[in-house]
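A.B. asks: Please find one structure pasted underneath; my questions will follow.
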Amino acid sequence: MAGDFDPAWVTELYRCMLRIRAFEEKAAELYQKGELPGFLHSSVGQEAVPVGVTAWLERDDLITSTHRGHGHILAKGADPARMFLELYGSEEGYNRGKGGSMHIMDFSIGVLGANGIVGGGVPIAVGAALSLQNRGSDRVVACFFGDGAVTTGAFHEGVNMAAIWDLPVLFVCENNQYAESTPHRTVDRARDLTVRAQGYGIPGEVVDGNDLFAVLEAARRAVERARRGGGPTLLECRTYRWYGHYIGDPAVYRSEEEVASWKARDPLGRVAGWLAERGALDEEGEARLRAEVQAEIEAAAAAGARGRRPAPESALEDVYAG
Amino acid sequence: MREALREALAEEMERDPSVFLLGEDIEDPMGGSYKVTLGLSTRFGRLRVRNAPISEAAIVGAGVGAAVTGSRPVVEVMYMDFLEIAMDQLVSQAAKIRYMSGGQVAVPLTVRCQGGPGRAAGPQHSQLLEAWFAHVPGLKVVVPSTPRDGKALLKAAIRDPDPVLFFEPNILYNSRGPVPDPEADEVAPLGKADVKRPGRDVTVVTYGAMVAMALEAAERLAREDGVAAEVIDLRTVSPWDRETVLASFRKTRALVVAHQAVRQGGMGAEIAATVYEEALDEVDVEIARVGARFAPTPFAPELERYVVPGAEEIVAAARETLERAGRLGAAVGR
Ligand SMILES: Cc1ncc(C[n+]2csc(CCOP(=O)(O)OP(=O)(O)O)c2C)c(N)n1
C-alpha cells in the first residue's frame, strides 16, 4: 500500500517528476521563442507514469519510448543537458544532431530510443526481451506507448509474441485520452486494456496514471513477474497531457473544462501532499527542491544553447558502421 | 495549395457520391493534421469523411476493399513515411489486383500523403519515397508543384481507375497561385508533364517542391550565364512523360534531372538512363543528376540543408553539362 514506501525514496521520485515538469516547460519556452527546430511533444501532466514505472528498473534494464518521450528518458536517468543539446541539434547531443526530440537514445542507460513511428517501439521492446531471455538474463524491458499505439498492427503482433514466449516486458500504455485530435474511446471498443490482455492470455491492469503510488504498485507487480520469468503484463495508466499534441497545437478538439478538471488532479500535487502528511517535505523543503531542480534544468538548457553546431559533412557519417 | 486540394476533394465528393475520405484526424474540428480536409466532415457528414484509428495497413487495405466494390476512396496517410506500414496493401494488393484478376476489376483508390524535407522533422518524418513506388507496376505516382496543378491533378487522381499515390510536398501547403473555378472543372491528365519554362540550352526535369527551385535556377542561369533553361515539371512521376522529356532533350541536348529524394536509385537514374538509351544517336549526350546525398534526412537544419539539394545544385549541374559540351560561355545558344 501507498503507506509502505520510504518517504526519502519518494522524495527522490518526486524530484524526478519535478525535473520532467521543469524540462518540458523549459523546452516549450525555448521552442516558442523559435530556438528549437522541428516538432516538440510535451508530456506535462503525465509525470507519474514514467517515474512510477522506472522506479523499479535498474540501470541495465531497458526501455523503449515514443515521440512524447522526454519523461521516460529522464526518468531512466538521462542527462538533461545532453537532451537539450540534442533538442538544439548540436554535435554533442545524444544523437549528434541527427535525431532531435523524437529520437533521443542513450544505450548506456538502456534507453533504446524515443520513436517517431506510433507503435514502432513495441516489436523492438519484444525483440530486446527476446535477446535477454536467450541470454538467461533477469533484466526486463519497459515498453512505453500511447493509447494511439493500441490500434496499430505492430502493437497487436508484438504483444502477442511476447505473450506466447513469456518475454520479460512491461507494456505500459500511457492513455492520455487522445491520439492527436482523436479521443481514444472513439477508436477502441475494448473498455480497457485488461480486456485485450485477456485476449492475449496475459495479466492486465488499469491504474490511475496521475497517482504515483498506484503506478508504483502496479509496476512493481509487473516487474517482479517479468523478472522471475512470468512473462509480460499490460498496464493501462490513465492520464492527460496538459498541452496540445505538439507545442503550438491549439487543441481545439477538447474543452477547457476537461483540461481544467485534469489539471486539478496534477500528479505532482498528490505526491507533495503525501510527503507533507508524513512530515517528509514541508513548504520550505518543497520550495528548496523546486529551486534545485529549476537551477539544474536552467543550466542544462544553457548548455544546450552553447552546443557546437555539427559540421555539415557529419550528415554522411553513421549511415553504415565503420 | 492547401485550399486548392480541399476544393478538389469537395468538388469530387459533390460530383460523385461514391467518393469518400478515410484517414487519421481528418474530421472536424481538427480537419486533418495539415488541415487539408478542414470543414469537409461538417459539410459531407461522418460517413463520407471518416476518422480512422492509427492503423495504416488497415486504412490503406480498407481503401483497397472499398475501391474494388464500387467506391472511390481517398485515403489520407499523414506522412509519406508511414506508407511503409501499409506496404503490403499498396504493393502486393492494390497494385496487383487488376492485373492478376485478368482485368476483372479496377482499383480506383487515391492515397494522399504529405512529406519531404525542409522542416527539421528528422529521419522518420522527412522521406521522399516516390522512387520506391515508381518501381511498382500498377501504381501511379503524382506530385504536384502548384495550387492549380494540385487541384487539377487531385481531381484526375480521384477519377482515375487505378491506385494513385498523391504526394503533397509539405513546404508547398502555404504556397499561393491561381486556381480554376469549380465551373471550369479543370482536370489535368495523369502521365503528362508540363513545361513550366521554355528554353533551348538545357533541359531541367524535376517535380514537386523542386520545381520552384528549378525555376529559380533557370532565372539565375539566364541572368548570369545567358543560358536558357527549359524547366519540365513531370507532375506524374509514374508513368512519366517520356515524349515531353525526349523532345526537349532533342532540342537542348543537355539534361539535368533534379529531385530532393535520395539520388541513389532515384527517379533521376531512371530518367537519365532512358534519355541515354533513346538518344544514343545524338551528337553530344550530356546528362547530370541532382539528388539528396546518400543519408537519411537528419534533424539539425544545417545537416538537412547539406543532405538535400536546392537551386544552387541545379545551377551547378546545368553549368557542368554545358561546360562538358563546350557550350558554356559567350557563344551559348546565340
Ligand atoms: C504509424 C504512425 N501513424 C501516425 C503517426 C502520426 N502521429 C504522431 S503522434 C500521433 C498520436 C499518437 O497518439 P498516442 O499513441 O496516444 O500518443 P500521445 O501522442 O497521446 O502521447 C499520431 C497519429 C505516426 N507518428 N506514426
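A.B. asks: Being within 16 Å of the ligand (Cβ to nearest atom) and buried (at least 19 other Cβ atoms within 10 Å of the Cβ), is that true of even one residue in region B:101-111?
C.D. replies: Looking through region B:101-111, at least one residue is within 16 Å of the ligand (Cβ to nearest atom) and buried (at least 19 other Cβ atoms within 10 Å of the Cβ).
A.B. asks: Could you list, in sequence order, the residues of region A:22-49 that are under 18 Å from residue A:208 (Cβ atoms) and more than 12 Å from the ligand (Cβ to nearest atom)?
C.D. replies: Across region A:22-49, the qualifying residues are A:47, A:48.
A.B. asks: Further question: Consider region A:92-103. How many of its residues are farther than 14 Å from residue A:31 by Cα and in contact with a helix residue (DSSP H, G or I) (Cβ under 7 Å, 6 or more places away or on another chain)?
C.D. replies: The number of residues fulfilling the criteria is 8.
A.B. asks: Taking region A:100-115 as the search range and keeping residues that are more than 14 Å from the chain's Cα centre (by Cα) and either of a type in the set (A, V, I, L, M) or within 16 Å of the ligand (Cβ to nearest atom) (or both), which one is nearest to the other protein chains (Cβ to nearest Cβ)?
C.D. replies: Only one residue tops the list, namely A:100.
A.B. asks: From the list A:142, A:149, A:190, A:179, which residue is more than 10 Å from the ligand (Cβ to nearest atom), under 25 Å from residue A:262 (Cβ atoms) and within 14 Å of chain B (Cβ to nearest Cβ)?
C.D. replies: Testing whether each residue is more than 10 Å from the ligand (Cβ to nearest atom), under 25 Å from residue A:262 (Cβ atoms) and within 14 Å of chain B (Cβ to nearest Cβ) leaves just A:190.
A.B. asks: Identify the residue in region B:266-300 that is part of a loop (DSSP other than H, G, I, E, B) and within 14 Å of another protein chain (Cβ to nearest Cβ) and, among all such residues, is farthest from the chain's Cα centre (by Cα).
C.D. replies: Going through the qualifying residues, I end up with B:300.
A.B. asks: Residues in region A:194-209: is at least one near the ligand (Cβ under 9 Å from one of its atoms), small (Gly, Ala, Ser) and under 25 Å from residue A:110 (Cβ atoms)?
C.D. replies: No.
A.B. asks: As an exercise: evaluate residue A:128 against (1) within 14 Å of chain B (Cβ to nearest Cβ); (2) in contact (Cβ under 8 Å) with a residue 40 or more places away in the chain; (3) within 25 Å of residue A:227 (Cβ to Cβ) and give the number of the one condition it does not meet.
C.D. replies: (1)
A.B. asks: Restrict the check to region B:180-196 and report whether at least one residue is aliphatic (A, V, I, L, M) and modelled with pLDDT under 95.
C.D. replies: yes
A.B. asks: Can you say whether residue A:166 is part of a loop (DSSP other than H, G, I, E, B), within 16 Å of the ligand (Cβ to nearest atom) and touching a Pro at 6+ places or on another chain (Cβ under 8 Å), as far as the supplied structure shows?
C.D. replies: Answer is no for this residue.
A.B. asks: Restricting to region B:79-94, and then to whatever is closer than 24 Å to residue B:121 by Cβ and more than 11 Å from the ligand (Cβ to nearest atom), can you tell me which residue is surrounded by the most Cβ atoms within 10 Å (Cβ to Cβ)?
C.D. replies: B:90
A.B. asks: Condition first: within 12 Å of the ligand (Cβ to nearest atom) and part of a helix (DSSP H, G or I). Now tell me which residues in region A:152-163 satisfy that.
C.D. replies: Within region A:152-163, A:153, A:154, A:155 qualify.
A.B. asks: Could you look through region B:235-254, keep only residues that are among the basic types (Lys, Arg) and in a loop (DSSP other than H, G, I, E, B), and pick out the one that is farthest from the chain's Cα centre (by Cα)?
C.D. replies: Selected residue: B:253.
A.B. asks: Also, I was wondering about something else. Considering only region B:171-202, how many residues are under 25 Å from residue B:118 (Cβ atoms) and outside any loop (DSSP other than H, G, I, E, B)?
C.D. replies: 5
A.B. asks: Next up: Restricting attention to region A:1-57, and to residues there that are touching a helix residue (DSSP H, G or I) at 6+ places or on another chain (Cβ under 7 Å) and basic (Lys, Arg), which single residue is nearest to the other protein chains (Cβ to nearest Cβ)?
C.D. replies: The extreme case among them is A:26.
A.B. asks: For residue B:218, which of the numbered conditions (1) part of a helix (DSSP H, G or I); (2) surrounded by fewer than 24 Cβ atoms within 10 Å (Cβ to Cβ); (3) modelled with pLDDT of 95 or more fails to hold?
C.D. replies: Looking at each condition in turn, residue B:218 falls short on (2).
A.B. asks: In region A:1-120, which helices (runs of 4 or more DSSP H) lie fully inside it and hold 2 or more residues that are free of Cβ contacts under 8 Å to residues at least 12 places away in the same chain?
C.D. replies: So the answer is A:7-32.
A.B. asks: Continuing with the same structure: So, in region A:116-137, exactly how many residues are farther than 18 Å from residue A:157 by Cα and more than 16 Å from the ligand (Cβ to nearest atom)?
C.D. replies: Number satisfying all stated conditions: 6.
A.B. asks: Give just the number: which of (1) within 12 Å of another protein chain (Cβ to nearest Cβ); (2) within 16 Å of the ligand (Cβ to nearest atom); (3) in contact with a Leu (Cβ under 6 Å, 6 or more places away or on another chain) does residue A:87 not satisfy?
C.D. replies: (2)
The values are calculated or read from the model by the stated rules, or taken from the named source; none is laboratory data. Since this is a predicted model, take the numbers as computed values, not measurements. Note that each Cβ is placed from the backbone with ideal geometry, even for glycine, and that neighbours are counted across all protein chains shown.
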